[in-house]
Amino acid sequence: MSRTLPLAFVVASLMLALARAAAAHDFSVDPTSPEVLQFRYSSSDVIDQTGGGPIVFASNLGIGSDELDGFSYGKDLLRPVNLPNFFVAMQFSVSRATAGAGGVVTTQRNLNGAAGDKFNLLILRNGRTVGPFLGSDAPTHKLTPGAGSAAGQSEIDGLSFPTGSKPSIYYTVARGGVRAPSDVYFVADWPQATPPVLFATAAQLGLQATDNIDALAIKDGGTLGALDAADVVYVSLDATSPTRIARGNQDDILQVWPAPIAVAIAFNKLDILGTSAEEIDAITGYDPGPALLALL
């Protein structure tokens, strides 16, 4: 027996379910965020989902003089591009300079800024998307708002599901440091200060050495800390990355593992414009929940 639910009810239920999961992802911020400038924490610390403070410190990551860029606990729920019958949700953040394409990102930017917000997107089994919606406004997780591209607002630089997952972390670094910004590093048992090791090189991921992985999400489904056939890796590249430029310089979320590189979520699904100025700064994939699944 089948039933048809009113569209308004379905959309409202989707928004409610996504909102409930909104803050449930830990994050990091960029080095010019007020919280860093005020010495509340470092741009290489991982912050509790509520903004209450660091739960992983830069020293735990063995990051040295490098700056944390993207990170993942390796438990992201990701949809391989060759398996369309897969139901997931994504959370993402944008840069201060991102104007948006007229939807929720633009609305938030004009209200109190979008760079410190968490946005949610639902990916249905057939690959179509619902959203994005505002998941959590910056003040909700104790970040600083600021309309437009104001320099005084916080900017989320990394996100990962599920909150408080420890002890293993995968991460990338920003340009200008010692390590390559196109590689992915892995720290196991971080409370024991285990030195970071390479999880994946740019070459393994089909990237160029001068690319910068700006946002990272990983489903490590095989041997922990080793890139293998059971893994899925999504990235967003910064606007000066040769691989992104060669693809038109729009900020698509790319699946870089398994090969070959493919668009996992197109930029226009994320309420951003297809220009070099628009940046997805952080991504994570999560389970939208059985209650929502029952609606679809």
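Each reported figure results from applying straightforward, stated rules to the coordinates on display, with no laboratory input. These numbers come from a predicted model, not from an experiment. Please note: Cβ atoms are built from the backbone with ideal geometry, for glycine as well, and neighbour counts cover all protein chains shown.
Observations on the model:
- With R₀ fixed at 25 Å, the C-beta to C-beta distance from Ala229 to Asp287 puts the FRET efficiency at about 0.65.
- Rg in Å to one decimal, and Dmax rounded to a whole Å, for the range 30-114 via C-alpha atoms: 16.2, 46
- Only DSSP H runs of four or more residues enter the estimate; each adds -39500 (n - 2.57), and after division by the residues of the chain the mean residue ellipticity at 222 nm equals -3000 deg cm²/dmol.
- Cα-based Lys proximity count in the chain, under 24 Å, for pairs eight or more positions apart or on separate chains: 11
- The packing ranking, built from the mean of other Cβ atoms within 10 Å per residue, places the peptides 254-263, 69-78 in the order 69-78, 254-263, highest first.
- Packing around the peptides 269-275, 220-226, 116-122, taken as the average count of other Cβ atoms within 10 Å per residue, puts them in this order, highest first: 116-122, 269-275, 220-226.
- Amide H contacts of Leu237 (H built 1.01 Å from N, under 5 Å, at least 5 apart or other chain): Asp214
- Taking the C-alpha atoms of the range 88-207, convex hull volume expressed per residue in Å³: 157
- Rg/Rg_ref, the range 210-282, where Rg_ref = 2.2 N^0.38 Å and atoms are Cα: 1.12
- Relative contact order for the range 160-244, counting Cα pairs under 8 Å that sit 6 or more residues apart, in percent: 24
- When the Cα atoms of the chain are aligned to their principal axes, the ranges along those axes come out at 57, 43, 38 Å in descending order.
- Inter-label distance, nm, simple model (7 Å from Cα along the C-beta direction), Val178/Thr140: 3.9
- Viscosity 1.567 mPa s, temperature 4 °C, Stokes-Einstein D of the range 163-249 from Kirkwood C-alpha radius, µm²/s: 95
- Kirkwood hydrodynamic radius over Cα pairs of the range 114-175, then Stokes diffusion coefficient at 20 °C and 1.002 mPa s, in µm²/s: 153
- Exposure proxy ranking for Ser43, Ser93, based on other Cβ atoms within 10 angstrom of each Cβ and starting from the fewest, stands as Ser43, Ser93.
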